[in-house]
Amino acid sequence: MNHGTPAAVRASTAGVGVGGIAFLFALTIGLVLVVSLMCYLCSCVARRDQLRPGRLPFRAGVVLSGSAAVCVYLWGLLYMPSDDAHYLRQACAEAGGADRAAEVVGYETGFVPLRFVCRVDGGGGISTIPSWINPTVGALVAVTLILVTAALLTRGQARGRRS
């Protein structure tokens, strides 16, 4: 099964990539979160007459930007290879070409920020995660936090006016 895979690379594959159960768990949690947020948004829209004026746009913005961040992160997670040595090498070959994949000496993974790097002989590496994933997630999380802050500030102003 390890045709042409150096022993050092086979030894370095322990604990890298995404195991099947971990991947399914993360995917399920993410999808449940997105569906729950969309249901919350729909309930807010359905009872918009009961909300204070100006609250719905902030809630909708928070839910939509937060859901988009989760979806983009899950999309990036799909680029994480399985923890099987064959799939790790295949991911490196697809990302950097067969010539560079032949020089792989190890792997690095991370989930925040999302990354999977195939370390090549002589330094450097091949990233299998598209370069736009992490900046997009970061920007969407920043937008979500800004909208949460704006919603909390307007909530305090609305309470002050009612008193």
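Each Lys or Arg adds one and each Asp or Glu takes one away; over the other residues whose Cβ falls under 14 Å from the Cβ of V120, this sums to -1.
Here the contact order of region 42-137, divided by its residue count and restricted to Cα pairs under 8 Å and six or more residues apart, works out to 24 percent.
Quick one: ranking F25, F58, F111, F116 by accessible area, 1.4 Å probe, largest first, what do you get?
Reading off the accessible areas and sorting them downward yields F25, F111, F58, F116.
May I ask you to derive the FRET efficiency for S43 and F23 from their Cβ-Cβ distance with R0 = 25 Å, giving the value to the nearest 0.05? For R0 = 25 Å, the calculated efficiency reads 0.25.
Treating each Cα of region 56-163 as one equal point scatterer and applying the Debye formula with no solvent, the log10 of I(q)/I(0) at q = 0.10, 0.11, 0.14 Å⁻¹ comes out as -0.43, -0.49, -0.64.
The values are calculated or read from the model by the stated rules, or taken from the named source; none is laboratory data. All values reported here derive from a predicted model rather than from experimental measurement. Virtual Cβ from ideal backbone geometry, glycine too; neighbours counted across all protein chains shown. These accessible areas exclude ligands, DNA and RNA; they are computed on the full protein's heavy atoms, side chains included. Shrake-Rupley method; radii C 1.70, N 1.55, O 1.52, S 1.80 Å.
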